[in-house]
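**Q** Structure incoming, see below.
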Amino acid sequence: MAASLRGLSPVLKEYLRVNRMPDIYEALLTGLSIMCPEDYLTFILEKLMFLKENGLGTLAWDMFIEEEMKPKMKIVSESNLDMIFNFEEWLIPTPEMYATAYDHYNFKLKEMCFCAMLQYHLMQKRKQEALQERINMAVKHHCNRMLRVHVQIWKAWVKYRKGRQAMSFQKIQHVYHVSVGRVIFEAWYKHTLEARKQREYFEKLKRLERGENMEDDDLFGQGTGEARDSVSTLPWKIAIQIFSYLDVADIANCACVCRFWKVLTQANLLWSRINFCNVQKRVTDKVATRLLFKARPYLIHLNLRTCHHLTRPTFISVSECRNLQDLNLSECTGIDDETLKVVVKGCKILLYLNIAHTNLTDASLRAINKYCMNLQYLSLAFCAKFTDRGLLYLASGKCHQKLQYLDMSGCLQITPQGFQYLANGCPNIQSVIVNEFPTLLDECIMIMTEKCLKIHTLSMLGCPLITDEAFKKLAHNKNLQVLKMDGNYRVSDATMKLLGRQCLDLRHVYLADCQRLTDATLKAFSACKNLVVLNIADCVRISDAGVRHLTEGPAASKLRELNLTNCVRVGDMAMVNLHKRCHSLTYLNVNFCEHISEAGIELLGQIHSLVALDISGCNCGDQGLSALGHNSGLKDVVLSESGSITDLGLQKFAQQCKEIERLDLSHCMNLTDGAIKNLAFCCRMLTVLNLSGCKHVTDLSIQYLSGVCHYLTQLDISGCIQISDKALKYLRKGCKKLKCLNMMYCKKITKHAAQKLQRHVDVVEYNNDEVPAYFGY
């Protein structure tokens, strides 16, 4: 329509504007849009007739709409009307306007591009500045780091040089003292000889004056020249048996005592077993080679564990011990594939081989497969360099039918394929140890249990991914005797029921920190008549009912060890059932079982088979401790954090349990010197004593202990803030067998006194820091 009105004459356009044609068009179009009449032509004619009769004075855009349907805003805008009737011809852009708009657009586009380029340039400049700043910081950090490294190297060098100087000074001082001692001894010896000659001369003169016959010499002084000690007078076999308890260093020292002892130390029986682990810091290739050469015909057991100073010459000497059957090379840093090949090639009758914590690879397992035809025990724990192929060599070798024990703890590189090789090649394996194996899957255990039907020991400590599926497969193995697992939240009672029903020969069960296990597990294991050891520590769902089920079954008659640590639902009723039915129980641990009262502890005192007991954190007071003393056979008791115990209770306990050897009284804060005095004079066989956190204990207590308890080997006085240097003097004089002393947080003990004590005690732990808050002072 706009195109049709564009060519009209101005007179016609003026006519349309005067007669308000756009307004009439707007009113009709709005009415049609809102009212939507069925006959729109009749509607238009009626409205036009209305306008003709009434005139244009009342014309409005919504006059043809009923009141209830009138909109608030116009539907047709004025711009649209102008466009339709083409009254505003000046709104149509001209070519000049297009050119101006195009120039303006190009200018704005250039301005935008220039601003963007400028911003990009500034951003790149800022990036370059930031990069340069980081480079400068990195250079500065590198310089500081290199300076720190060089300073540390210099400090280590200075420390080394000072150590060497101190060592040289000690050697020179030792040589000086030896020289002075030799001079003094030689002078004394000459003086003694001269005095002896003078005495004999004057004795002869006196005898001549009395007319005695000089040819009748008595037998005094005509002995063999050796002192006859108590060991030398014993029968040969008994003396050899006594010397067999000594290590290499002690035997070497004994050989210097006298000729008879030297002959004893050369007995074949003493050199059938050599343990270098106790002297690992002192043993060298020269010493080890000489001893192995001497003992090679008789040597059967050899322990080189943690001997880091031994290298290839020693291992070559080991290969010459043809009768060697037991070899421990764990944590030997000097062993490699080639060296192990030399060893196993020479020692072909090895039965036990331990190469744990070494860097051996598949080549070593191939050598073992080739030469160790009788191998029964093999430990590969924490050997990270071998792969599944090494297990393939092992399973296809000459020893695969005789291998009975295999330890692969911490070997995380082993895949299910490796276990498949083992299962196919070693069907007679009996013990499988896979501790600290967090990636171990059900598939691995299922493969082993399916093919290796003779497995009786399985240890999976630290394997959290094992589920019920693996144990369902394991339950078909009726030979299972030992099962160990901890920290597993996926195993449930259903699996334990299956194990208890089918594996009736179970003897040792370790299921610590398995949160899903409940009383149903104990009920299932109650049918295992040979059960000896049961550890369900940190299984918080275990209650008195579970212990009752356990004691009502056949397992109660032979149960010797039971660990209920942190089983917070266990109370006095469990102690009643244990007292009634577990007559073989020797070890019981119920620490932090808060529902056990003094009544339950009194019942424990009536279990006369108990030897070791841990009730730390329980509600034990003087009455319970006194009743506990009725069992005079107790050897090891832990009473840690029993705050209700006083001097009176400990006195009554000590007077009854005089044969106790290990006692833990840590954090029993009400104990004083009086209690320790009674303990020392009554329990003279104490070897281990823990008094940490007993803040009222003073030097007087240590004086009592050192004066009477001469067998004490371990003592802990951490947090005993009243103990001073004087106590260490008492320990040094009285406790000659003390091996370990813990003195943490002892403010009154000086560093000099602690260092002085280190000359007499092997292990001394000391500091004078503030007592930690958890001590509760």
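The values are calculated or read from the model by the stated rules, or taken from the named source; none is laboratory data. What you see is a predicted model; the values in this text were computed from it and never measured. Don't worry about glycine lacking a Cβ; one is built from the backbone with ideal geometry, like all the others, and counts go over all protein chains shown. Heavy atoms of the whole protein, side chains included, go into the accessibility calculation; ligands, DNA and RNA do not. Shrake-Rupley method; radii C 1.70, N 1.55, O 1.52, S 1.80 Å.
**Q** Taking A753, is it closer than 19 Å to V688 by Cβ, at pLDDT below 95 and surrounded by 17 or more Cβ atoms within 10 Å (Cβ to Cβ)? Full working, then the answer.
**A** On the way: closer than 19 Å to V688 by Cβ: no; at pLDDT below 95: yes; surrounded by 17 or more Cβ atoms within 10 Å (Cβ to Cβ): yes.
No; evaluated as a whole, the condition is false for this residue.
**Q** Counting just the residues of the stretch 270-303 that are among the hydroxyl-bearing types (S, T, Y) and closer than 14 Å to F315 by Cα, which one comes out surrounded by the most Cβ atoms within 10 Å (Cβ to Cβ)? Spell out how you get there, then give the answer.
**A** Narrowing the stretch 270-303 to residues among the hydroxyl-bearing types (S, T, Y): 272, 284, 289, 298.
In the following step, the residues that additionally are closer than 14 Å to F315 by Cα were identified as 284, 289.
On the way: T284: 14, T289: 18.
Here the residue is T289.
**Q** Here's a check for you: in the stretch 600-649, which residue that is of a type in the set (S, T, Y) and surrounded by fewer than 17 Cβ atoms within 10 Å (Cβ to Cβ) is farthest from L578 (Cα to Cα)? Give the derivation first.
**A** Here is the first cut: in the stretch 600-649, the residues of a type in the set (S, T, Y) are 609, 616, 626, 632, 640, 642, 644, 646.
This time we only want the ones that are surrounded by fewer than 17 Cβ atoms within 10 Å (Cβ to Cβ), so: 609, 632, 644.
On the way: S609: 11, S632: 18, S644: 25 Å.
Here the residue is S644.
**Q** A follow-up question, please. Can you pull out the residues in the stretch 347-376 that are open to solvent by 10 Å² or more (accessible area, probe 1.4 Å) and farther than 23 Å from I433 by Cα?
**A** K348, I349, K370, Y371
**Q** I've got another one for you. Test Y510 against the criterion of being open to solvent by 50 Å² or more (accessible area, probe 1.4 Å), aromatic (F, W, Y) and in contact with a Pro (Cβ under 8 Å, 6 or more places away or on another chain), and give yes or no.
**A** Working: open to solvent by 50 Å² or more (accessible area, probe 1.4 Å): yes; aromatic (F, W, Y): yes; in contact with a Pro (Cβ under 8 Å, 6 or more places away or on another chain): no.
Answer is no for this residue.
**Q** Hey, does the stretch 548-566 have a residue that's within 25 Å of C657 (Cβ to Cβ), in contact (Cβ under 8 Å) with a residue 12 or more places away in the chain and polar (S, T, N, Q)?
**A** Taking every residue of the stretch 548-566 in turn, at least one turns out to be within 25 Å of C657 (Cβ to Cβ), in contact (Cβ under 8 Å) with a residue 12 or more places away in the chain and polar (S, T, N, Q).
**Q** Given the criterion more than 24 Å from L350 (Cα to Cα), within 33 Å of the chain's Cα centre (by Cα) and touching a residue at least 12 places away in the same chain (Cβ under 8 Å), identify the matching residue among R305, R282. Walk me through how you get there before you give the answer.
**A** Numbers: R305 fails: more than 24 Å from L350 (Cα to Cα).
Going through R305, R282 in turn, just one is more than 24 Å from L350 (Cα to Cα), within 33 Å of the chain's Cα centre (by Cα) and touching a residue at least 12 places away in the same chain (Cβ under 8 Å): R282.
**Q** Another question, if that's okay. Restricting to the stretch 526-572, count the residues that are among the hydrophobic types (A, V, I, L, M, F, W, C), open to solvent by less than 10 Å² (accessible area, probe 1.4 Å) and part of a strand (DSSP E or B).
**A** Number of matching residues: 2.
**Q** Taking the residues in the stretch 706-739 that are polar (S, T, N, Q) and under 26 Å from G776 (Cβ atoms) as candidates, determine which candidate is surrounded by the most Cβ atoms within 10 Å (Cβ to Cβ). Show your work before the answer.
**A** As a first pass, look at the stretch 706-739 and keep what is polar (S, T, N, Q): 706, 713-714, 718, 722, 724.
Okay, now just the ones that are also under 26 Å from G776 (Cβ atoms), so 714, 718, 722, 724.
On the way: Q714: 16, S718: 21, Q722: 18, S724: 18.
Here the answer is S718.
**Q** Assess whether H667 counts as being closer than 21 Å to C720 by Cβ and touching a residue at least 60 places away in the same chain (Cβ under 8 Å).
**A** yes
**Q** Being part of a strand (DSSP E or B) and not acidic (D, E) is the filter; apply it to the stretch 573-621 and report the residue that is nearest to I660 (Cα to Cα). Please lay out each step first, then the result.
**A** Residues of the stretch 573-621 part of a strand (DSSP E or B): 587-589, 595, 612-614, 621.
Filter once more, so that each one left must be not acidic (D, E): 587-589, 595, 612-613, 621.
Working: Y587: 14, L588: 16, N589: 17, H595: 27, A612: 10, L613: 11, G621: 19 Å.
Per the criteria, the residue is A612.
**Q** So, one more: Taking the residues in the stretch 232-269 that are in a helix (DSSP H, G or I) and among the small types (G, A, S) as candidates, determine which candidate is most open to solvent (accessible area, probe 1.4 Å).
**A** Of all residues in the stretch 232-269, those in a helix (DSSP H, G or I) come to 236-243, 248-254, 259-265, 268-269.
Filter once more, keeping what is among the small types (G, A, S): 239, 249, 252.
Working: A239: 0, A249: 22, A252: 55 Å².
Across the stretch 232-269, the extreme among qualifying residues is A252.
**Q** Filter the stretch 332-346 down to the residues that are surrounded by 21 or more Cβ atoms within 10 Å (Cβ to Cβ) and in a loop (DSSP other than H, G, I, E, B) and list them by number.
**A** Those that are surrounded by 21 or more Cβ atoms within 10 Å (Cβ to Cβ) and in a loop (DSSP other than H, G, I, E, B): C332, I335.
Residues are listed down the side, and each one gets a yes or a no for (1) under 14 Å from H456 (Cβ atoms); (2) without any contact (Cβ under 8 Å) to a residue 24 or more places away in the chain; (3) within 22 Å of the chain's Cα centre (by Cα):
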{"position": "H476", "(1), (2), (3)": "yes, no, no"}
{"position": "L480", "(1), (2), (3)": "yes, no, no"}
{"position": "M485", "(1), (2), (3)": "no, no, yes"}
{"position": "R490", "(1), (2), (3)": "no, no, yes"}
{"position": "K497", "(1), (2), (3)": "no, no, no"}
{"position": "G500", "(1), (2), (3)": "no, no, no"}
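**Q** Consider the stretch 650-664. How many of its residues are surrounded by fewer than 21 Cβ atoms within 10 Å (Cβ to Cβ) and either within 15 Å of A727 (Cα to Cα) or not acidic (D, E) (or both)? Explain how you work it out, then say what you get.
**A** Going residue by residue through the stretch 650-664, those that are surrounded by fewer than 21 Cβ atoms within 10 Å (Cβ to Cβ) are 651-652, 655-656, 658-659, 661-662.
Retained after the next criterion (residues that are either within 15 Å of A727 (Cα to Cα) or not acidic (D, E) (or both)): 651-652, 655-656, 658, 662.
Final tally of qualifying residues: 6.
**Q** Pick out, from the stretch 2-62, the helices (runs of 4 or more DSSP H) lying fully within it that include 3 or more residues that are over 21 Å from M73 (Cα atoms), of a type outside the set (D, E, K, R) and at pLDDT 80 or above.
**A** Values: elements: 2-5, 10-18, 21-35, 40-54.
It comes to 40-54.
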